[in-house]
Amino acid sequence: VAGGRRSTAGPRRAARKVSVGAMSNSRTNAPFSHAIRRIASRHRLTLEGCWLSPEAVPSGVPPWQERLFLPGPTPVPWSIAHAMARPMTSLGGPALRGLVERVETGVARMFGTQRAVGLSGSGTATLEAAVQGAFAPGDPVLAVVAGAFGARFARVAEAHGLTVHRLEVAYGEVPTAEAVAARVARTGAVGLLLTHNETSTGLLMPIADWIAAARKVAPDVVTVVDAISSVPSVPLDMDAIGVDIATAASQKGFMAPPGLGLVGVGPRGLAALKAERAGRMYFDLTAYIERHHNATPAVAHWFAMDESLRLLDAEGDAARHERHVRMGVMVRAAGRAMGCPPLAREDMASPTVTVLGLPDGVDARAVLAHAAERYGATLAGAMGPWAHSAVRIGHVGAYTPLDMVTAVAALEAAVHDLCAKAGKAPPMPAGHGVAAALEAMREPVAAHTTV
Ligand SMILES: *Cc1c(COP(=O)(O)O)cnc(C)c1O
């Protein structure tokens, strides 16, 4: 119970509303949520902003119907889940070795380079591995920080002792190529840390322009790109645009559960990683490059990735990229039509995640809780300065355009319910958002600028 207020909220006191963040991390964790509710009710606290067990949801959203609309983890197609249930196999055996090499080759193709490796860990682990491997403590690097994930990348570099210069802009803004090049020149940076798709702001960054401009002033600068919420849903051609190391994670575009980090390594990245570095062991990327793994691999995740790549290839690159662009177009069109306008500029809007601003007086936490409890739709909270006034809808991975009709319907219904509860008029008549989504689903998708 937050806020140290429990000492004053005894059983015999008058009921009062205290905002309590109770979180049960799955709908099957019923005993835990029940215990929290029991304790809360004994202390006459009203629970708000909770993820409750299905038994406690008055609308009776069935437990298997929780719909995630998050930018990771995202829904896992049944054949990937099924692949993960295969029996374990020997590390050194030919079956796993062949599978690992096949997955590495497929992932490298998704990155647009020759070599890729995978290591157990979430996306952040890959950022650590890249930074620790490519640079030495004290090396000056420039981190472009245009949101929460750029900031996280900079913190990872700082944690490894690098001298981190930040080119920081406000949420929703995008630095120019000239600004990036000027800061690289001024700081003498040997590394450039970039986020391809800033998941907190819903912006796809013009990294190709940034890198081209930076290389004019610093031809040898090593570029490391967090492509965790872009690859393979959004094209990235590392070798063509000069990305030396890029990273991704299993739970976003690859449609698998969280747990496997993926790293694409270009020729200059390989050279940077080969330098002698103290303090590397589990995350030593050269070990993965030479021997494929460096400890017991997450075998089930490699099975998952093999099936993931089969599905991704069956759909094809062009169709997959267009599907993601279309979902972004749909959600933004729906947002505008329902009075929840997208916060990202349209020319750089992300195909994998959209941030929608809420009408005045409608609180983001209330929308998230209501959409989950009443309609079984888990939307993502916005981040940083947008946390209270916006929500995010993730559309990375296995989602289809039809899923976006559901996502915007849940948001539209929640906004209308909350406006009605507050006795105020909704920004638009009900159904406008869904209608706009349907229209955008049926129209051809205009060519969208990507790197
Ligand atoms: C999700 C995400 C991360 C963090 O990944 P984890 O798997 O949670 O460590 C980092 N960067 C971006 C851009 C992301 O979208």
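The values are calculated or read from the model by the stated rules, or taken from the named source; none is laboratory data. Since the structure is predicted, the reported quantities are computational estimates derived from the model, not experimental observations. Heads up, the Cβs are rebuilt from the backbone with ideal geometry, glycines too, and the neighbour counts pull from every protein chain shown.
Mind telling me which of the residues ARG44, ARG102 ends up being basic (Lys, Arg), more than 16 Å from the ligand (Cβ to nearest atom) and at pLDDT 95 or above?
ARG102 is the lone residue from the list that is basic (Lys, Arg), more than 16 Å from the ligand (Cβ to nearest atom) and at pLDDT 95 or above.
Just one of (1) within 16 Å of the ligand (Cβ to nearest atom); (2) in a helix (DSSP H, G or I); (3) touching an Asp or Glu at 6+ places or on another chain (Cβ under 8 Å); (4) farther than 25 Å from GLU346 by Cα trips up GLY118, so point out which.
(2)
Looking at region 207-221, can you tell me whether even one residue there is within 16 Å of the ligand (Cβ to nearest atom) and either small (Gly, Ala, Ser) or in contact with a strand residue (DSSP E or B) (Cβ under 6 Å, 6 or more places away or on another chain) (or both)?
yes
Tally up the residues in region 272-284 that are within 10 Å of VAL222 (Cα to Cα) and without any contact (Cβ under 8 Å) to a residue 12 or more places away in the chain, please.
Number satisfying all stated conditions: 0.
Residues of region 175-195 being surrounded by fewer than 17 Cβ atoms within 10 Å (Cβ to Cβ), within 22 Å of ARG345 (Cβ to Cβ) and touching a strand residue (DSSP E or B) at 6+ places or on another chain (Cβ under 7 Å), which ones?
Correct list: ALA179 only.
Grab the helices (runs of 4 or more DSSP H) fully contained in region 346-451, keeping just those with 1 or more residues being under 30 Å from ALA249 (Cβ atoms) and touching a strand residue (DSSP E or B) at 6+ places or on another chain (Cβ under 6 Å).
Filter on region 346-451 gives 364-375, 401-421.
Residue by residue through region 131-153, note down the ones that are of a type outside the set (Val, Ile, Thr), buried (at least 17 other Cβ atoms within 10 Å of the Cβ) and away from the ligand (no atom under 12 Å from the Cβ).
Of everything in region 131-153, those that are of a type outside the set (Val, Ile, Thr), buried (at least 17 other Cβ atoms within 10 Å of the Cβ) and away from the ligand (no atom under 12 Å from the Cβ) turn out to be GLN132, GLY133, ALA134, PHE135, ASP139, LEU142, ALA143.
What's the number of the only condition in (1) among the aliphatic types (A, V, I, L, M); (2) within 18 Å of ILE245 (Cβ to Cβ); (3) surrounded by fewer than 19 Cβ atoms within 10 Å (Cβ to Cβ) that ALA170 fails to meet?
That leaves (2) as the condition not met.
Check GLU104 against each of (1) surrounded by 15 or more Cβ atoms within 10 Å (Cβ to Cβ); (2) assigned to a loop (DSSP other than H, G, I, E, B) and name the one condition it does not meet.
(2)
Going by what's in this entry, would ALA390 be described as crowded, with 17+ Cβ neighbours inside 10 Å and closer than 15 Å to GLY335 by Cα?
For ALA390, the condition - crowded, with 17+ Cβ neighbours inside 10 Å and closer than 15 Å to GLY335 by Cα - is met.
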